[in-house]
Structures are given as structure tokens and as C-alpha cells.
Amino acid sequence: CVKHPELKRSSVYKELQEEDVDYFRTVLSPNNILYHPQPETPEQSILAHHNVDWFNLYRGTSSLCLFPTSTDQVSRILRYCNDNQLAVVPQGGNTGVSGGAVPVFDEIIVNMSKMNTVRSFDSISGVAVVDAGVILEVLDQYLEPKGHMVPLDLGAKGSCQLGGNVSTNAGGLRLMRYGNLHGNVLGLEVVLADGTILHNLSTLRKDNTGYDLKQMFIGAEGTLGLVTGVALSTPRRAKSTHVAMVGLTSFEHVQKAFVMAKEDLSEILSAFEFWDHDSVGMVKQEMMQDTAYPIQGKHAFYALLETQGSRDEHDEEKLNDYLERLMESDIAADGVIAQDNTQVKTLWSWREKIPESMAKAGVAMTYDVSMEVPLLYKMVEDAKKHFGEKGLLGPGKLYSNLLGFGHVGDGNLHIMANVNNFGHKAQADMDEFVFKWAIKHNGSITAEHGVGISKVGYMNDCKSDIQLSLMRAIKTVLDPKGIMNPYKVIPEKSNKQ
Ligand code: FAD
């Protein structure tokens with residue numbers, strides 16, 4: 001494990017043997033098994049792609065990746081692993097940002113990409129029932145001609161899967177309008193650690209018959225069971241979408257523009273995103289060299305607003321009036337409205353490509369904290385001050401870039417940094433600063449990416465003993481042998497006693 005050299009493999013788990021692989025060969029066809037025992041280096045393994053996370057920060061050494069094609073196969077795999085004390089890591093699109101989807105050591109990877117069928121869609125209720133391995137963008141394209149959309153959108157939409165989205169309770173770009181997956185998921189099919197299939201694929205919007213069990217698996221990051229099916233409420237696709245970008249001189253003005261957007265655009269406002277000037281330079285340098293930035297001059301901040309409604313002229317008029325008021329009140333220094341779909345996509349690209357551009361620029365660490373909106377950018381300023389005063393920030397220094405952007409509408413900041421000479425200390429120092437800062441300001445150390453392996457060391461600082469012991473109790477009931485995604489989310493023991 002790159003980031004946590006202090007972690008030791010637990011001897012509780014059996015090491016994989018040939019006989020185990022022989023069993024899996026009776027469950028899956030040969031082309032659904034990737035097996036590579038003891039490669040010279042992890043990079044040489046045919047599993048390298050499945051052992052390493054999207055940001056190249058976490059690396060496991062699994063020699064087996066299984067690709068089930070049915071819920072029954074998942075059940076047989078987990079039953080065998082449970083009986084034989086073999087640890088498992090569920091894997092979706094492997095776009096997660098907390099190191100949750102890759103093994104820490106030699107856990108067997110169960111990759112869901114081959115369970116990728118849309119099972120049904122009901123056009124009256126708008127409920128789609130899908131296999132967990134369906135890719136978000138593929139489902140959205142399936143729904144488009146039917147006049148519906150996935151209520152969730154994020155930069156990784158071309159690779160991430162519905163099962164991964166559910167397991168991380170992914171937020172994304174339009175959460176402020178369409179809500180999170182705790183509300184939009186109506187039912188789940190989950191295979192528990194011992195192979196039991198929990199058939200809970202309800203398509204009902206209202207159902208108060210006792211505990212809402214599916215909620216436990218939403219955001220559980222694969223530690224409680226393996227999600228195989230998802231029933232999702234999908235809203236009507238808006239007939240009219242408009243996107244505007246504005247330049248702003250301070251974060252105070254970003255907040256004023258946000259409040260005014262809620263006043264003037266209310267029910268049609270579907271996204272309000274912001275980023276700082278350094279983010280623009282990063283995207284320009286790494287991914288959009290040939291595209292002119294839509295706003296002239298240099299502004300400290302930019303905000304992207306999106307409206308989704310049903311009357312084009314009405315929505316356009318509202319957006320124009322809003323922008324006029326912003327300019328007249330000197331809140332925005334400059335602004336532009338996309339005139340067609342191509343321009344809509346281009347404006348969104350300046351926001352969506354920030355994480356990928358950082359990853360291209362070098363080893364990138366990414367954080368997603370939530371807190372009261374007025375505090376959001378103060379964290380970035382304080383981080384710049386903290387590392388700047390130590391002489392660690394700037395071109396060629398330990399942290400070469402540090403920038404902030406995020407979902408203002410949800411009080412969610414992404415702070416990212418490129419690290420030169422990546423090592424445990426560089427990562428640990430930035431973690432310490434960001435997580436302690438968020439906790440001190442009553443924020444959350446993860447608004448949407450989840451805990452995974454990256455933040456498990458801070459769970460004792462941000463959760464009470466009672467919260468943690470309840471989490472452990474739930475884990476023990478559902479996964480008594482602890483085979484599901486070990487080492488992650490729940491810390492070993494409290495450091496408070
Ligand atoms: P994976 O990365 O494969 O897995 C994530 C976690 O879920 C792991 O713990 C894994 O074990 C578990 N898991 C996966 N599938 C299953 C399953 N079927 N059953 C049980 N457990 C499972 N996230 C946001 O919330 N908002 C954003 O705006 C956002 N933007 C992003 C932009 C980029 C460029 C990138 C690379 C990532 C972004 N992410 C964002 C993070 C990531 O895309 C989401 O967390 C996404 O939901 C992960 O889906 P996945 O299929 O890739 O899951």
C-alpha cells in the first residue's frame with residue numbers, strides 16, 4: 001500500500017491457493033477470470049489496472065480479479081470466500097477517490113463491469129432497474145430518448161458504475177437540484193458476505209414497512225455487501241437547459257451570486273459550481289490549450305450556473321435578468337451565456353476537467369470537505385499560507401500546485417494539490433492539515449468521496465465512540481468474518497479510551 005506503510009496484512013485472512021482459483025473456475029467462464037500469481041513487479045501483472053486506483057495513489061497486490069455476470073455467481077463467489085476466510089474488494093469503475101476500490105494487500109477483486117444490463121424501465125413512474133455494473137453515462141444515454149435522465153452527474157460519468165455510485169453515495173454536479181442517492185435509490189439487490197441474496201429491489205416511492213434496509217448499503221463502500229442491482233428514480237429530462245459562466249473578484253462575491261441565483265432562478269437552478277483562477281491555468285495547460293477561455297481578463301473566481309426547466313424563453317429570460325442584476329450590482333465582473341449545446345459542453349468542460357488536469361500534471365491529491373459555505377475557500381487560503389510559510393509551496397517545491405473548486409450549492413469544496421517527491425510524509429502532512437481544519441470548523445472530512453482507506457485514520461477524530469461502535473455492530477451482523485473490503489471505513493479501534 002503506497003500511502004499507509006504502517007498497515008500490516010491481517011493474518012486472519014487466508015492467502016489465495018490454486019485450489020481456490022479452481023473453485024472459481026467452476027463458477028465463471030475462463031474469460032471472466034484474471035489470474036496472475038506472483039508477477040515480477042505489480043506493474044507487470046495483467047491485473048495492474050485493477051490493483052491501482054484512478055489517481056495512482058493506492059496500490060494492492062491482488063493476483064485474482066473475478067468478473068461475475070449474474071447475481072447468482074456473485075452469491076457463489078462470496079459464499080466460498082466467506083467459508084474460506086478470503087478477503088474481497090468490490091470494484092466498480094475504479095474511479096473512486098479514497099482508495100476504496102483497490103485491494104490494500106491481496107484481497108480478491110470482484111469487478112462488476114460484466115453485470116451491465118438495464119433490467120427494466122417504467123416510463124410512467126420513471127423508475128429504472130439496472131445491474132450494478134451499468135455505467136452512469138450509458139444509463140443516461142439509454143434514458144435520453146425516453147425523456148428521462150440519471151439524477152446524478154459527475155466528471156467520471158463515462159467510467160463510474162451505478163453500483164459504485166450507490167456504494168459511495170456519490171454527490172456530483174446537480175445534487176442541489178435532484179438530491180442524493182439516499183433519496184433517489186428506491187431499492188437495492190445486495191449479496192451479503194455469506195452469499196445470501198437480499199432481494200430488496202423495490203420500485204415503490206413510499207414504503208414505511210419497518211427499517212429501510214437499503215440505506216445501510218448506500219455509502220457503505222462495499223464493506224457490508226456487494227450491490228448487484230439498483231432501482232433508481234429518474235426525473236424527466238429538462239426541455240430547456242441554459243448555462244452561464246461569470247467572473248467574480250472575491251469569494252464573498254461568489255456567495256452573493258449564489259444567494260441571488262437562489263432568489264432569481266429558484267426552481268430552475270440545477271447547478272452552481274465555482275473554481276479559482278489557478279484551476280483555469282491548470283485546465284488550459286493540461287487539457288484545453290487550443291480553447292479560448294470564455295471570460296476575458298483575470299478574475300479571482302469563476303462560477304458556473306445551470307438552469308433546467310420546461311419553457312425555453314421563460315428560462316432564458318430569467319437567466320438574462322439574473323445576470324443583468326449581478327452586473328448592475330457589481331457582484332460579477334463579467335459573464336457569458338452558452339448559445340448552443342456545444343458551448344454548454346465547453347463551459348462545463350472548464351469545471352469538469354479540473355481533477356483530470358491535476359492528475360495529468362503530476363501526482364495529485366484530492367480532498368472533498370464540506371462545511372458552511374462562507375468558510376469554503378478559507379481552507380484553501382489557510383493551506384496556501386500554512387505550506388507557503390514553510391517554503392513548501394510553489395513551482396519545484398514539495399507541493400507545486402494547490403487549488404480549490406467545488407459545489408457551492410452543497411457547501412462542498414474540492415481542494416487539490418500536486419506533490420513532487422511523493423512520499424508518505426508529504427501525503428500525511430497535507431491530510432493532517434485538511435482533515436484537522438475541517439473537523440475544527442465543524443465540517444465533514446468527506447462530503448461525497450467516502451472514507452475508503454484514505455481517511456480511515458481520521459474516523460476516530462470525527463465520529464464519537466458511540467457512532468463507531470454502532471457501525472462496528474452493523475458490520476458484525478452483516479459481515480461477521482470481516483471479509484468485505486477490510487481495512488477500510490471503520491478504524492480498528494478507538495484511540496479515545
Ligand atoms: P469504484 O471506484 O469502483 O468503487 C468505489 C467504492 O465503492 C469502493 O469502496 C468499492 O469497493 C465500492 N463498490 C464499487 N462497486 C460496488 C458494488 N457493486 N457493490 C458494493 N461496493 C461497491 N464523486 C462524487 O461524488 N462527485 C463528483 O463530482 C465526482 N467527480 C469525479 C471526477 C473524476 C474525474 C473522478 C475520477 C472521480 C470523481 N468522483 C466524484 C469520484 C467517483 O467517480 C465516485 O465515487 C463514483 O461514485 C465511484 O464509482 P465507481 O463505479 O468508479 O466505484
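The values are calculated or read from the model by the stated rules, or taken from the named source; none is laboratory data. All values reported here derive from a predicted model rather than from experimental measurement. Using ideal geometry, Cβ is built from the backbone for each residue, glycine included, and neighbour counts are taken over all protein chains shown.
Kindly evaluate Gly171 against the criterion of being modelled with pLDDT under 95 and either within 13 Å of the ligand (Cβ to nearest atom) or not assigned by TED's automatic domain parsing to the domain that holds His414 (or both). Spelling it out, Gly171 is indeed modelled with pLDDT under 95 and either within 13 Å of the ligand (Cβ to nearest atom) or not assigned by TED's automatic domain parsing to the domain that holds His414 (or both).
Table: residues versus (1) touching a Leu at 6+ places or on another chain (Cβ under 8 Å); (2) among the acidic types (Asp, Glu); (3) assigned to a strand (DSSP E or B).
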residue: Ser202; (1), (2), (3): yes, no, no
residue: Asp207; (1), (2), (3): no, yes, no
residue: Ala231; (1), (2), (3): yes, no, yes
residue: Thr241; (1), (2), (3): no, no, yes
residue: Met260; (1), (2), (3): yes, no, no
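Note on the stretch 155-196: enclosed helices (runs of 4 or more DSSP H) holding 3 or more residues that are over 19 Å from Glu273 (Cβ atoms) are 162-168, 181-184.
Quick one: which of Gly309, Gly281 is of a type in the set (Gly, Ala, Ser) and in contact (Cβ under 8 Å) with a residue 24 or more places away in the chain?
On inspection, the qualifying residue turns out to be Gly309.
The helices (runs of 4 or more DSSP H) found wholly in the stretch 410-486 and carrying at least 2 residues that are under 21 Å from Met371 (Cα atoms) and touching a residue at least 40 places away in the same chain (Cβ under 8 Å) occupy 424-440. For the residues Val74, Val88, the requirement of being touching a residue at least 40 places away in the same chain (Cβ under 8 Å) and touching a helix residue (DSSP H, G or I) at 6+ places or on another chain (Cβ under 9 Å) singles out Val88. Given the criteria of a type in the set (S, T, N, Q) and surrounded by fewer than 22 Cβ atoms within 10 Å (Cβ to Cβ), does Thr234 qualify? Taking the combined requirement at face value, the residue does not satisfy it. Ala271 meets the stated requirement of being farther than 16 Å from Leu402 by Cα and either touching a strand residue (DSSP E or B) at 6+ places or on another chain (Cβ under 6 Å) or surrounded by 14 or more Cβ atoms within 10 Å (Cβ to Cβ) (or both).
Scanning the stretch 274-297 for residues that are in contact with a strand residue (DSSP E or B) (Cβ under 8 Å, 6 or more places away or on another chain), closer than 14 Å to Thr346 by Cβ and part of a loop (DSSP other than H, G, I, E, B) returns Pro294, Ile295.
The rows are residues; the columns are (1) more than 20 Å from Asn94 (Cα to Cα); (2) away from the ligand (no atom under 13 Å from the Cβ); (3) of a type outside the set (A, V, I, L, M, F, W, C).
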{"position": "His199", "(1), (2), (3)": "yes, yes, yes"}
{"position": "Leu213", "(1), (2), (3)": "yes, yes, no"}
{"position": "Glu221", "(1), (2), (3)": "no, no, yes"}
{"position": "Pro235", "(1), (2), (3)": "yes, yes, yes"}
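For the stretch 466-494, which residues satisfy the criterion of being loosely packed, with under 15 Cβ neighbours inside 10 Å and either at pLDDT below 95 or closer than 15 Å to Val191 by Cα (or both)? Matches in the stretch 466-494: Val477, Pro480, Glu492, Lys493, Ser494. Counting only helices (runs of 4 or more DSSP H) that sit wholly inside the stretch 298-399, those with at least 1 residues that are within 30 Å of Ser98 (Cβ to Cβ) are 341-352, 354-361, 376-389.
Which residue is surrounded by the most Cβ atoms within 10 Å (Cβ to Cβ), if the candidates are limited to the stretch 129-157 and must be small (Gly, Ala, Ser) and more than 19 Å from Leu175 (Cα to Cα)? Please lay out each step first, then the result.
Step one: of the stretch 129-157, the residues small (Gly, Ala, Ser) are 132-133, 147, 155-156.
With the extra rule that they be more than 19 Å from Leu175 (Cα to Cα), the set shrinks to 132-133, 147.
Working: Ala132: 28, Gly133: 25, Gly147: 13.
The selected residue is Ala132.
Candidates are the residues of the stretch 158-182 that are of a type in the set (Gly, Ala, Ser) and touching a residue at least 40 places away in the same chain (Cβ under 8 Å); the one that is surrounded by the most Cβ atoms within 10 Å (Cβ to Cβ) is Ser167. With respect to the conditions (1) within 15 Å of the ligand (Cβ to nearest atom); (2) outside any strand (DSSP E or B); (3) β-branched (Val, Ile, Thr), Val110 lacks only one, and its number is (2).
Matching residues to (1) within 21 Å of Gly100 (Cα to Cα); (2) within 20 Å of the chain's Cα centre (by Cα):
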residue: Leu403; (1), (2): no, yes
residue: His407; (1), (2): no, yes
residue: Trp437; (1), (2): no, no
residue: Ser454; (1), (2): yes, yes
residue: Ile490; (1), (2): yes, yes
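Selection of the stretch 53-86 for residues being assigned to a loop (DSSP other than H, G, I, E, B) and either among the basic types (Lys, Arg) or more than 12 Å from the ligand (Cβ to nearest atom) (or both) yields Thr61, Ser62, Ser63, Phe67, Thr69, Ser70, Asn84, Gln85, Leu86. Count of the stretch 352-362 residues, restricted to those that are in contact with a helix residue (DSSP H, G or I) (Cβ under 9 Å, 6 or more places away or on another chain) and more than 10 Å from the ligand (Cβ to nearest atom), is 2. When the stretch 355-370 is filtered for residues that are within 14 Å of the chain's Cα centre (by Cα) and either basic (Lys, Arg) or within 20 Å of Gln289 (Cα to Cα) (or both), the ones remaining, listed by number, are Pro355, Glu356.
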